[in-house]
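Novice: For reference, the structure I am asking about is given below.
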Amino acid sequence: AKAAGRNTLRFFDPKIQAAALARSRLEAELRQALQRDEFLLHYQPQLDSDGLPTGVEALLRWRNPVRGMVSPAQFIPLAEDTGLILPLGRWVLEEACAQLARMAADSATAGLSVAVNVSALQFRQATFGADVLAVLAQAGANPRRLKIELTETLLVEDMESAIEKITMLKSHGVCFALDDFGTGYSSLSYLKRLPLDQLKIDQSFVRNLMNDPRDLAIVTTIVALGHALGMHVIAEGVETAEQRELLARCGCRQFQGYLFSRPLAQEQLQTHLERMAAP
Ligand code: C2E
Ligand code: CA
Ligand code: CA
Ligand code: CA
């Protein structure tokens, strides 16, 4: 019993060992995935009140020959822990800017923006601002059509340098959205100080909007606050016409969700957007 106490039981727990092994396997495969070209972006349309597309959000997908499609919820946290998110985030930016250039070449999609999710580690790099500008220039993409989605948790740590980076990129026309709004360590003083263009109402507030009057109160308040601060407000995770209707009554004028479209592969996107834009 004494020996067992010295060597902690947990060390030998087969379940935890198996989990650690699975994790290191996933990490190894993730490292190879960039070289093997297994990542791709899907694009989900964002719409205005008239149902016309205003842009798309780029969402990362990993297609592994053995695992199939792996959800970003599964591999992004690991990519962040291991630093792999840096080359991966760079690839996402390059791919999204290439998509911007493609959309600009077609009159039906020329005015649309592409929103890109950026992780904390990526944003905190001192070279982040310069990197974004370099990728835009290389792709020949219009900075005014690029939107960067940040989360609240990412902004908390170093407010001053966050403001500096955002301000620098905004001076080149790049837009910024605050993602998952209301789920992090929101502080109204951040909203006051950060020069953001758009608030994204998190889908957790949209999900039960029909049944929970507290969600309705929160959404109404977020929309009013965003608009009062001169920001656009978009609701994500809109799945039903009823949710859309209620969001509109709250004053929300931009929408994204399965009701309108799932995230689409690049090949499907162009025809889908052309169909949406047609009268
Ligand atoms: P997010 O940025 O909040 O993206 C919204 C998620 O909701 C996406 O999940 C999207 O497919 C899903 N979604 C869209 N419409 C609906 C709907 O009507 N109902 C429901 N239930 N879900 C909807 P996805 O693609 O699995 O991405 C999950 C998260 O992974 C993203 O959440 C984002 O935080 C992260 N992520 C995705 N791509 C990237 C990326 O390129 N870089 C980084 N750093 N993170 C990314
Ligand atoms: Ca997002
Ligand atoms: Ca979100
Ligand atoms: Ca989210």
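Readers should treat all values here as calculations from the given coordinates under stated rules, not as data from a laboratory. All values reported here derive from a predicted model rather than from experimental measurement. As a convention, Cβ positions derive from the backbone with ideal geometry for all residues, glycine included, and neighbour counts pool all protein chains shown.
Novice: If you check residue 147 against the conditions, is it away from ligand 2 (no atom under 16 Å from the Cβ) and charged (D, E, K, R)?
Specialist: Against the criterion (away from ligand 2 (no atom under 16 Å from the Cβ) and charged (D, E, K, R)), residue 147 does not qualify.
Novice: Then there's this: All but one of (1) buried (at least 17 other Cβ atoms within 10 Å of the Cβ); (2) within 17 Å of residue 113 (Cα to Cα); (3) free of Cβ contacts under 8 Å to residues at least 12 places away in the same chain hold for residue 215; which doesn't?
Specialist: (2) is the only condition that residue 215 fails.
Novice: If we keep just the residues of segment 52-65 that are among the charged types (D, E, K, R) and within 12 Å of ligand 1 (Cβ to nearest atom), which is surrounded by the most Cβ atoms within 10 Å (Cβ to Cβ)?
Specialist: 57
Novice: Select from segment 159-210 the residues that are hydrophobic (A, V, I, L, M, F, W, C), farther than 16 Å from residue 123 by Cβ and within 16 Å of ligand 1 (Cβ to nearest atom) and write down the one among them that is farthest from the chain's Cα centre (by Cα).
Specialist: Once the filter is applied, the top-ranked residue is 210.
Novice: Inside segment 66-105, can you point out the residues that are hydrophobic (A, V, I, L, M, F, W, C), surrounded by fewer than 16 Cβ atoms within 10 Å (Cβ to Cβ) and within 16 Å of ligand 3 (Cβ to nearest atom)?
Specialist: Once the filter is applied, which keeps residues that are hydrophobic (A, V, I, L, M, F, W, C), surrounded by fewer than 16 Cβ atoms within 10 Å (Cβ to Cβ) and within 16 Å of ligand 3 (Cβ to nearest atom), segment 66-105 yields only 73.
Novice: Turning to a different aspect of this structure: Just to be sure, is residue 40 assigned to a strand (DSSP E or B), surrounded by fewer than 18 Cβ atoms within 10 Å (Cβ to Cβ) and within 17 Å of the chain's Cα centre (by Cα)?
Specialist: Answer is yes for this residue.
Novice: Of the residues that sit in segment 136-157 and are of a type in the set (S, T, N, Q) and within 13 Å of ligand 1 (Cβ to nearest atom), which one is farthest from residue 95 (Cα to Cα)?
Specialist: By that ranking, first place goes to 153.
Novice: Right, another one. Taking segment 218-252 on its own, how many of its residues are buried (at least 18 other Cβ atoms within 10 Å of the Cβ) and either among the small types (Gly, Ala, Ser) or in contact with a Ser or Thr (Cβ under 7 Å, 6 or more places away or on another chain) (or both)?
Specialist: Residues that pass the stated criteria total 4.
This table checks each residue for (1) more than 19 Å from residue 39 (Cβ to Cβ); (2) without any contact (Cβ under 8 Å) to a residue 60 or more places away in the chain; (3) within 16 Å of ligand 2 (Cβ to nearest atom); (4) not β-branched (Val, Ile, Thr).
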residue	(1), (2), (3), (4)
91	no, yes, no, yes
108	yes, no, no, yes
118	no, yes, yes, no
129	yes, yes, no, yes
133	yes, yes, no, yes
142	yes, yes, no, yes
163	yes, yes, no, no
